[in-house]
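A quick write-up on the structure given underneath.
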Amino acid sequence: MIRVFYSSFDYLALKLLRLTVDIELVDRTIRKELEAKANPDSPEQYEYHIQTLQDRVSALIGHISIMIAVLTITLTGYSERSLATDLIRAELGLYLFIAICCLRCLRAYGFESSFDSEHYHEESKTDLVLRFGLFRLVNFIAIIATIAFVLTVTLFPPAL
């Protein structure tokens, strides 16, 4: 199910991408990534990926903030408790959970537990895997939650 969702979404996104994005810029970015991968275990490589991930998480936090505001305003448009208000409350809780996970991804980079380079390097790898995995999860949940919100207000319009 998830694979079908991603492939359908990616197909449409790729069509839009070709219409709106400078392909040369994308090509230069990919070349930079490939050059950096010549030494994939370097500390600079981990720092680069963590910085890139933090940029993505920051963008997702912006989306989450807007959705929390929109959900709160939409919730005030219902005069009594209903399935729609329960769904919106659940979505608010879900977005708050996503925000907490995103804040974990933005935690300051550095480790107090070890100062020697071998342990620092290993902790960097582990932290990058955790941050990237957590981001992928919450990004997927945010997409689903946004679609659920659109469906909720479409099926149960508020009286704003």
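The values are calculated or read from the model by the stated rules, or taken from the named source; none is laboratory data. No experiment lies behind these values; they were computed from the predicted model shown. Cβ atoms come from the backbone with ideal geometry, glycine included; neighbour counts cover every protein chain shown. What goes into the accessible areas is simple: the full protein's heavy atoms, side chains included, and nothing from ligands, DNA or RNA. Shrake-Rupley method; radii C 1.70, N 1.55, O 1.52, S 1.80 Å.
What about Phe9, is it modelled with pLDDT of 90 or more and open to solvent by 80 Å² or more (accessible area, probe 1.4 Å)? No, not satisfied. Among the residues of region 76-94, those that are crowded, with 16+ Cβ neighbours inside 10 Å and not polar (S, T, N, Q) comprise Tyr78, Ala84, Leu87, Ile88, Glu91, Leu92, Leu94. The residue pairs whose first member lies in region 66-85 and is modelled with pLDDT of 95 or more, whose second member is basic (Lys, Arg), and whose beta carbons are closer than 9 Å, counting only pairs six or more residues apart or on different chains, are Leu71/Arg89.
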